[in-house]
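A short write-up of the structure that comes next.
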Amino acid sequence: MERVVQFTGPRQVEVAEQVTADLPPGHLRVRTRYSGISAGTELTAYRGTNPYLTRTWDPEARLFREGAAGIEYPVAGWGYSEVGEVVETAPDLDGVPGLPRPGDLVWGIWGHRSEGIVPAERMIGHTLPAGLEPLAGAFARVGAIAYNAVLAADIHLGEDAAVFGQGVIGLLTTRLAQLNGARVTAVDALDGRLETAKRYGAHTTLNARTEAVAERIREATGGLGADLAIEISGAYPALHQALRSVTAGGRVVASGFYQGDGIGLRLGDEFHHNRVQLVCSQIGGVPPQLSHRWTVERLQQTFLRLVAEGQIDVTSLVSHVVPAADAADAYVLLDERPAEALQVVLEF
């Protein structure tokens, strides 16, 4: 039997057992070791705010259609940050170059389940780099999300950047922006996360609850404002402050997963008067101007290489490793007590 974590309704989690499926041709069977919980995208399904629960995404028209839900409860096997051991490969895959073999540790996406059946083409090149802790492999996707936002920001050496949101992806964004040569101001509402941001390369930190963020950033830049800002928390008021914080003609990268109507976002204010560039970054693709050189796969692999080379620390971001059987407690922690957690990982 296989165990899978599923949402049976808003804020309802269970670990269900399913019959283990046969391995079809062209696939690998991977036994999960760790699976990281996304405190952004996953919580939208956990809380019941995800747009797929009320509308349907039309991939051809690239529009959401009203009238029917794209997904319904129970929502099973969410998760996109898995690490595991290959235990079986389909016979027709013998001799495929670059394909992991039984016994290899691999990273990828197969959801919060005790084992995954994954198409071979999605696992080529996904063997964990030598010397890397298995837990670090759970950061490939979240690291790629941060990396993608930094590429979209088009940072140049010596520029002033503000990163709004210092959860796991925000902290990685701060570190990557600093590695790119930016002087980073990290913004969050939790002092503990701002302290971590200092260790991840932030030059300055600002608490969004207690400080006038846009005013402080403009003061620190001679009245000009930041060259660019990356908003990665998914909060509309934070996106509004990001728009207020950049210089005239500056760029704001919106990389959060925003829910519902844009309460707190006023596009007739600084956005309009300062002619701010507002760019979306989403892990379904790379910035168009880089698509001839970069892919999502390259983002993931390069991020893990940087981790293996010691340029980025990820394992210290793991605040809780929770047995998969206690998955419900992990979601309550992230939902109700976010100040106590950073990266929560399920252990199978």
Every residue from the stretch 259-302 that is touching a residue at least 60 places away in the same chain (Cβ under 8 Å), surrounded by 15 or more Cβ atoms within 10 Å (Cβ to Cβ) and assigned to a loop (DSSP other than H, G, I, E, B): Gln259, Ser281, Ile283, Val286, Pro287, Trp294
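Go through the stretch 245-258 residue by residue and tally those that are open to solvent by 40 Å² or more (accessible area, probe 1.4 Å) and either assigned to a loop (DSSP other than H, G, I, E, B) or within 20 Å of Leu176 (Cβ to Cβ) (or both). Can you show your working first?
Step one: filter the stretch 245-258 for residues open to solvent by 40 Å² or more (accessible area, probe 1.4 Å), giving 248, 251, 257-258.
Checking which are either assigned to a loop (DSSP other than H, G, I, E, B) or within 20 Å of Leu176 (Cβ to Cβ) (or both) leaves us with 251, 257-258.
So the count comes out to 3.
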The lone exception for Asn148 - which of (1) surrounded by 24 or more Cβ atoms within 10 Å (Cβ to Cβ); (2) within 27 Å of Arg337 (Cα to Cα) it fails: (2)
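Would you list the helices (runs of 4 or more DSSP H) that sit entirely within the stretch 128-244 and hold 1 or more residues that are modelled with pLDDT of 95 or more, under 27 Å from Asn274 (Cβ atoms) and touching an Asp or Glu at 6+ places or on another chain (Cβ under 8 Å)?
Values: elements: 140-153, 168-179, 191-199, 213-220.
Per the criteria, 168-179, 191-199, 213-220.
Scan the stretch 42-78 for residues that are hydrophobic (A, V, I, L, M, F, W, C), surrounded by 15 or more Cβ atoms within 10 Å (Cβ to Cβ) and not in a loop (DSSP other than H, G, I, E, B) and jot them down. Steps first, please.
Quick first cut of the stretch 42-78, residues hydrophobic (A, V, I, L, M, F, W, C) only: 43, 45, 53, 57, 61, 63-64, 68-69, 71, 75-76, 78.
Those still in the list that are surrounded by 15 or more Cβ atoms within 10 Å (Cβ to Cβ) too: 43, 45, 53, 71, 75-76, 78.
Within the stretch 42-78, Leu43, Ala45, Leu53, Val75, Ala76 qualify.
Residues in the stretch 315-339 that are part of a helix (DSSP H, G or I) and either open to solvent by less than 60 Å² (accessible area, probe 1.4 Å) or closer than 24 Å to Pro134 by Cα (or both): how many? Give the steps one after another, and end with the answer.
Start the filter on the stretch 315-339 by keeping residues that are part of a helix (DSSP H, G or I), which leaves 315-317, 324-336, 338-339.
In the following step, the residues that additionally are either open to solvent by less than 60 Å² (accessible area, probe 1.4 Å) or closer than 24 Å to Pro134 by Cα (or both) were identified as 315-317, 324-335, 338.
Number of matching residues: 16.
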Return the residues of the stretch 72-98 that are among the hydrophobic types (A, V, I, L, M, F, W, C), under 24 Å from Ala130 (Cα atoms) and in contact with a helix residue (DSSP H, G or I) (Cβ under 6 Å, 6 or more places away or on another chain); say none if nothing qualifies. Val83, Leu93
Failed condition for Lys198, given (1) under 30 Å from Arg47 (Cα atoms); (2) among the charged types (D, E, K, R); (3) open to solvent by 10 Å² or more (accessible area, probe 1.4 Å): (1)
One residue is enough: does the stretch 225-232 have a residue meeting the conditions open to solvent by 30 Å² or more (accessible area, probe 1.4 Å), within 22 Å of Leu342 (Cα to Cα) and either of a type in the set (Val, Ile, Thr) or within 23 Å of the chain's Cα centre (by Cα) (or both)? no
Test: Glu115 is surrounded by fewer than 16 Cβ atoms within 10 Å (Cβ to Cβ) and either among the aliphatic types (A, V, I, L, M) or closer than 23 Å to Thr20 by Cβ (or both): no
Do the conditions hold for Asn180, that is, is it closer than 30 Å to Gly310 by Cα and surrounded by fewer than 17 Cβ atoms within 10 Å (Cβ to Cβ)? no
Please name all residue pairs, on different chains or six or more residues apart, with Cβ atoms under 7 Å, provided the first residue is in the stretch 106-133 and is more than 19 Å from Ile283 (Cα to Cα) and the second residue is of a type in the set (Lys, Arg) and open to solvent by less than 60 Å² (accessible area, probe 1.4 Å). Glu115/Arg29; Ile117/Arg29
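Does Val106 qualify as being in a helix (DSSP H, G or I) and among the β-branched types (Val, Ile, Thr)? Step through it out loud before you land on a result.
Numbers: in a helix (DSSP H, G or I): no; among the β-branched types (Val, Ile, Thr): yes.
For Val106, the condition - in a helix (DSSP H, G or I) and among the β-branched types (Val, Ile, Thr) - is not met.
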Thr205 being under 20 Å from the mean Cα position of the chain (by Cα), polar (S, T, N, Q) and crowded, with 17+ Cβ neighbours inside 10 Å: no
Selection count, the stretch 1-39, where residues are open to solvent by less than 40 Å² (accessible area, probe 1.4 Å) and not in a strand (DSSP E or B): 4
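The values are calculated or read from the model by the stated rules, or taken from the named source; none is laboratory data. These numbers come from a predicted model, not from an experiment. No Cβ is skipped: glycine too gets one built from the backbone with ideal geometry, and neighbour counts run over all protein chains shown. We work out accessible area using only protein heavy atoms, side chains counted, and drop any ligands, DNA or RNA first. Shrake-Rupley method; radii C 1.70, N 1.55, O 1.52, S 1.80 Å.
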